[in-house]
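The values are calculated or read from the model by the stated rules, or taken from the named source; none is laboratory data. Since we're looking at a predicted model, the values are computed, not measured. As a convention, Cβ positions derive from the backbone with ideal geometry for all residues, glycine included, and neighbour counts pool all protein chains shown.
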Amino acid sequence: MMYAVVVGALLVSLCLLLVRALLGPTVFDRALAGNAVGTMAMLLLAIFQFVSGRPEFVDLALVYGLLNIVGTIAVQKFFRYGDLGEPGVADEEHRL
Amino acid sequence: MSAAIDILSMILMGAGGVFCVIGAFGVLRMPGFYTRMHAASVIDTLGASLIIVGLVLQSGFTLASGKLLILWLLIFFCSPTASHSLANAAHRRGVTPWQPDQGAKSSSKN
Amino acid sequence: MHRFHSISVVISLFVFWLVLSGYFTPFLVTVGLVSSVLVVLFAHRMSVIDREGHPLEFRAGVWSYWPWLVVEIVKSAWTVSKLIVHPRLPITPTMTRVKMSQTSAVGQVTYANSITLTPGTISVAIEGDEILVHALTQAGAEDLAGGEMDRRVSACEARA
Amino acid sequence: MATGSRSEIILEELTAVVLLTLMGAAAIGMARQRNLYGVVLLSGIYSFLMATVMVVLDAVDVAMTEAAVGAGISTVLLFGAIHLTGGTESKPIHRPWLPLLVVAATGAMLVYGTLGLPAFSDPGAPIHQHVAPRYLTEGPVKTGVPNVVTAVLASYRGFDTLGETFVVFTAGIGVIALLGRRRPRRPIDKAGEENKE
């Protein structure tokens, strides 16, 4: 029962982060929101292993964390080294 | 498990959840990209740490708490790296920091 | 020194394996040990193993630095949270340059990561011996310019 | 989980509903988005939400695959693909009514199909009566491997798994042979120096 509060809080923050990811306005804001969503997913996973009474499966959360890092670093690499045709602020201003 | 530890872990996890909500609210509310990153780092550090410490208290001295500690270390070593790389990429791409005097323009853009 | 480093990588991998697996039958433990040795051997052959991935330099100093950093993180996270929920959002974002006195790469990374880890300040770029820092408030930037964190990281770098 | 208490089941169902709603919102956002980088990042978020739904439904192995493939690899691959093409989706020439109709019809058929399935986590369902009990009860004893999935993959279906691994390995070698161009190797610490700037 005591986990319900935390799960609720995490779900509320997921909603807020998703709104930020949908609003943008730059790609970097979306990437930031995506990174935070990954952290949230990791925490939710860890908590749900406790809810269903199998705390040994927390190592899956480690996999989530690593993947989150891989995704963010990939985003950074492509935006820094790639010639990506201005995915920055100017390109996004008329969207959403 | 004694009731005191139970209550303590409940308080810690509740506080962690509150900080997660505050951080996510900040990510939504802050103007400009760099200021949003500061809000996100509240989630990554205090929110996640408090929840993990609460879960460690729940599981006691078992293998699960070892895994949770490794998870905590992972967050502490990797989340600043990811944040820095994002900020660096934005800096390289010429995302300018938000300034208070351009607030009207920026808020209309959002 | 080289061999010592490899052995310590094997030991850390094996401990990691033990924590993740949780089975302590002789057969499975042997398999885990063999696989961690093999991983290090292959990593050597691919030459992807270096000092950077497993820095042993910080042994003694870290233990006094971490608790201080955790306290610092909690304090600044509390400040940033108050700013976020403040109705008028009284932020004064600034970009500043901070001198760093560390000499080794690991020390510099530790300092930059500590800056990023503390909510309210983010290291944006490293230029020579300066870090370009974005701070959420003027006060936070001045706090960092005071240089206490820099001194502490340098101190634990020197002690290693 | 069927063995959980009443409040746990309510918590899990509520979480699943909220997460599915968020996934719907993310999918609509993806469809409306014209900047492909934004689409890829949103699909990464979608995959993380999906993986969390899988965890809530107690399918941790599927969750791990979803997180690894959906949020990890495909984000990287799609960024690579966009890097080679262009960052913006062009405006569609005609209205997407026909594709929408096809998708809606397929979805309706799938939903109709689920009506014939046994109830969720019903222990009496045919799939749980076939070989699963034998694997679960005899597997650890006969093979000596504590993890049932590992026991099935590496012991009961060992040759099958060997063939699969062989196929994946060959595919990987093929991709490397086709795409991997040998570049003059830069000294590593120089690149690292550049990284820090």
For the range C:18-30, check the following and say yes or no: at least one residue is modelled with pLDDT of 85 or more and in contact with a Ser or Thr (Cβ under 7 Å, 6 or more places away or on another chain). no
Please work out which one of (1) under 16 Å from the mean Cα position of the chain (by Cα); (2) facing chain B (nearest Cβ under 8 Å) is the condition C:Arg152 fails and give its number. (2)
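Okay, residues lined up against (1) assigned to a loop (DSSP other than H, G, I, E, B); (2) modelled with pLDDT of 85 or more; (3) facing another protein chain (nearest Cβ under 10 Å):
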{"site": "D:Tyr46", "(1), (2), (3)": "no, yes, yes"}
{"site": "D:Asp58", "(1), (2), (3)": "yes, no, yes"}
{"site": "D:Ala71", "(1), (2), (3)": "no, no, yes"}
{"site": "D:Ile93", "(1), (2), (3)": "yes, no, no"}
Counting only residues that are aliphatic (A, V, I, L, M) and farther than 19 Å from C:Thr137 by Cα, which one in the range C:72-111 is farthest from the chain's Cα centre (by Cα)? C:Met100
Exception for B:Val56 within (1) over 15 Å from the mean Cα position of the chain (by Cα); (2) surrounded by fewer than 20 Cβ atoms within 10 Å (Cβ to Cβ) falls at (2)
Within the bounds of the range B:62-80, is there any residue that is in a helix (DSSP H, G or I), among the β-branched types (Val, Ile, Thr) and more than 7 Å from chain A (Cβ to nearest Cβ)? no
Matching residues in the range C:115-143 (under 22 Å from B:Gly94 (Cα atoms) and surrounded by 17 or more Cβ atoms within 10 Å (Cβ to Cβ)) number 17
Just to verify a result, which residue in the range C:83-122, among those that are of a type in the set (S, T, N, Q) and assigned to a loop (DSSP other than H, G, I, E, B), is farthest from the other protein chains (Cβ to nearest Cβ)? C:Ser101
Which one is farthest from the other protein chains (Cβ to nearest Cβ), of the residues in the range C:23-47 that are under 15 Å from D:Pro146 (Cβ atoms) and surrounded by 16 or more Cβ atoms within 10 Å (Cβ to Cβ)? C:Gly32
Filter pass, C:His134 being within 25 Å of B:Arg29 (Cα to Cα), modelled with pLDDT of 80 or more and more than 9 Å from every other protein chain (Cβ to nearest Cβ): no
How many of the residues making up the range D:145-169 are part of a helix (DSSP H, G or I), out of contact with any Leu (no Cβ under 7 Å at 6 or more places or on another chain) and of a type in the set (S, T, N, Q)? 3
Look at the range D:15-62 and say how many of its residues are in contact with a Lys or Arg (Cβ under 9 Å, 6 or more places away or on another chain), under 14 Å from A:Leu17 (Cα atoms) and of a type in the set (Phe, Trp, Tyr). 0
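Give me the residue from the range A:12-39 that is within 17 Å of D:Leu14 (Cα to Cα) and crowded, with 20+ Cβ neighbours inside 10 Å and, out of that set, nearest to the other protein chains (Cβ to nearest Cβ).
Going residue by residue through the range A:12-39, those that are within 17 Å of D:Leu14 (Cα to Cα) are A:12-15.
From what's left, crowded, with 20+ Cβ neighbours inside 10 Å: A:13-14.
Details: A:Ser13: 3, A:Leu14: 6 Å.
Among those residues, the one meeting the criterion is A:Ser13.
Suppose the filter is modelled with pLDDT of 85 or more and either assigned to a helix (DSSP H, G or I) or of a type in the set (Ser, Thr, Tyr) (or both); does D:Gly172 pass it? Step through it out loud before you land on a result.
On the way: modelled with pLDDT of 85 or more: yes; either assigned to a helix (DSSP H, G or I) or of a type in the set (Ser, Thr, Tyr) (or both): yes.
The answer is yes for D:Gly172.
Could you tell me whether the range D:41-50 includes any residue that is farther than 25 Å from D:Thr161 by Cβ and in contact with a Phe, Trp or Tyr (Cβ under 8 Å, 6 or more places away or on another chain)? Spell out the reasoning first.
Applying the first criterion (farther than 25 Å from D:Thr161 by Cβ) to the range D:41-50 yields D:41-50.
Still in the list and also in contact with a Phe, Trp or Tyr (Cβ under 8 Å, 6 or more places away or on another chain): D:48.
Yes.
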